[in-house]
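Scroll down for the structure; my scribbles are underneath it.
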Protein chains: 2
Amino acid sequence: MIEIRKAVEDDKPAVWRIIKAVIAGGDTYVYPPDSPEGEMTEYWFAPEKYTYVAIDEGRIVGTFWLKANQPGLGAHVANAAYMVSPDAGGKGIGRQMAEYSLKEARRLGFTAMQFNFVVKSNTVAVKLWQRVGFEIIGEIPDAFDHARHGLTNAYIMYRKL
Amino acid sequence: MIEIRKAVEDDKPAVWRIIKAVIAGGDTYVYPPDSPEGEMTEYWFAPEKYTYVAIDEGRIVGTFWLKANQPGLGAHVANAAYMVSPDAGGKGIGRQMAEYSLKEARRLGFTAMQFNFVVKSNTVAVKLWQRVGFEIIGEIPDAFDHARHGLTNAYIMYRKL
């Protein structure tokens, strides 16, 4: 089992290494592969987010954040984003972070969770979310400029908590 | 015909009066009715937004903004929000701002426009967007805590430009 805990300032370099490796492909996240470190860690650790890291044998191998998807009268629905270090794939880290984040979102008072942008061709992510109870509630045509496939669709996914 | 132009700093008090009147109902936007002026004008005039005002007989009667709905590899899809002063309803101001904003978004290089959160019970807005070519591409259950109806759904709407 991996350990999951709240991220702290000192985790930023390790989190950046994961972000950098994940966005390098230009195939899952909208952040351009050449996004600067400071901009990305500021975004990932923004004050309105609850940011977490997943640790396997003393090494940070994954990270995710939770936040309200809308302010005010829409703030009961959570939003989240997850990244697993590419060299730690296939160990169920994404699945464990997913389940932890659902429990944590419930604990924080959210009553549902919504993903605004799951790249359709990212079948590993789509299947993972479906396995933990998410449904596709919308599909945005040509939403993502995929590094290899060009314009591809993105799903909006949702589940109650 | 109304005049539509880019908003300037001096327009903030008039824009705030519209925002305040629109959010007072708690029935169309997520911003709580008691949102502070500074917070809302800062949001409406944020640096990443193109903000506009609509003027009828010398008076600001509507306002809207355009921005990228996602960064980087999703930045070709625009997002927008619109408000019409409740005392200027029924004059086609929303429709004129809608058409202007579509042209303007195209001019700015966007290839599509997406609304992430159109309250389903706000039928005036839903019909307006359908009339100018938007389709409902998703529906979020219980997304909005409506002042009178409680939890209501929100639509995600989209059109190519």
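The values are calculated or read from the model by the stated rules, or taken from the named source; none is laboratory data. Because the structure is predicted, anything quoted here is derived from the model rather than measured. So basically every Cβ, Gly included, is an ideal-geometry build from the backbone, and we count neighbours across all protein chains shown. What goes into the accessible areas is simple: the full protein's heavy atoms, side chains included, and nothing from ligands, DNA or RNA. Shrake-Rupley method; radii C 1.70, N 1.55, O 1.52, S 1.80 Å.
A:Thr152 satisfies every condition listed in (1) open to solvent by 40 Å² or more (accessible area, probe 1.4 Å); (2) assigned to a strand (DSSP E or B) except (1).
In segment B:77-86 there is at least one residue that is modelled with pLDDT under 95 and either over 28 Å from A:Tyr31 (Cβ atoms) or in contact with a Ser or Thr (Cβ under 8 Å, 6 or more places away or on another chain) (or both). Scan segment B:119-134 for residues that are more than 14 Å from chain A (Cβ to nearest Cβ) and free of Cβ contacts under 8 Å to residues at least 60 places away in the same chain and the total you get is 9. Looking at B:Glu99 and the list (1) within 13 Å of chain A (Cβ to nearest Cβ); (2) open to solvent by 30 Å² or more (accessible area, probe 1.4 Å), which single condition is not satisfied? Tallying (1) within 13 Å of chain A (Cβ to nearest Cβ); (2) open to solvent by 30 Å² or more (accessible area, probe 1.4 Å), B:Glu99 fails exactly one: (1).
Taking first residues from segment A:23-38 that are touching a residue at least 24 places away in the same chain (Cβ under 8 Å) and over 10 Å from B:Gly72 (Cα atoms) and partners that are among the hydrophobic types (A, V, I, L, M, F, W, C) and buried (at least 18 other Cβ atoms within 10 Å of the Cβ), the Cβ contacts under 6 Å between residues at least 6 apart in sequence or on separate chains come to A:Thr28/A:Val119.
Residues that are within 19 Å of A:Leu151 (Cβ to Cβ) and more than 9 Å from every other protein chain (Cβ to nearest Cβ) within segment B:135-156 comprise just one, B:Glu135. Looking across segment B:123-141 at every residue that is hydrophobic (A, V, I, L, M, F, W, C) and not in a helix (DSSP H, G or I), the one that is nearest to A:Ala78 (Cα to Cα) is identified as B:Ile140. Quick check: anything in segment A:49-59 buried (at least 19 other Cβ atoms within 10 Å of the Cβ), touching a residue at least 12 places away in the same chain (Cβ under 8 Å) and within 14 Å of chain B (Cβ to nearest Cβ)? No, segment A:49-59 contains no residue that is buried (at least 19 other Cβ atoms within 10 Å of the Cβ), touching a residue at least 12 places away in the same chain (Cβ under 8 Å) and within 14 Å of chain B (Cβ to nearest Cβ).
Of all residues in segment A:39-48, which are aromatic (Phe, Trp, Tyr) and touching a residue at least 24 places away in the same chain (Cβ under 8 Å)? Full working, then the answer.
Our first condition is that a residue be aromatic (Phe, Trp, Tyr); within segment A:39-48, this holds for A:43-45.
A:Trp44, A:Phe45, listed by residue number.
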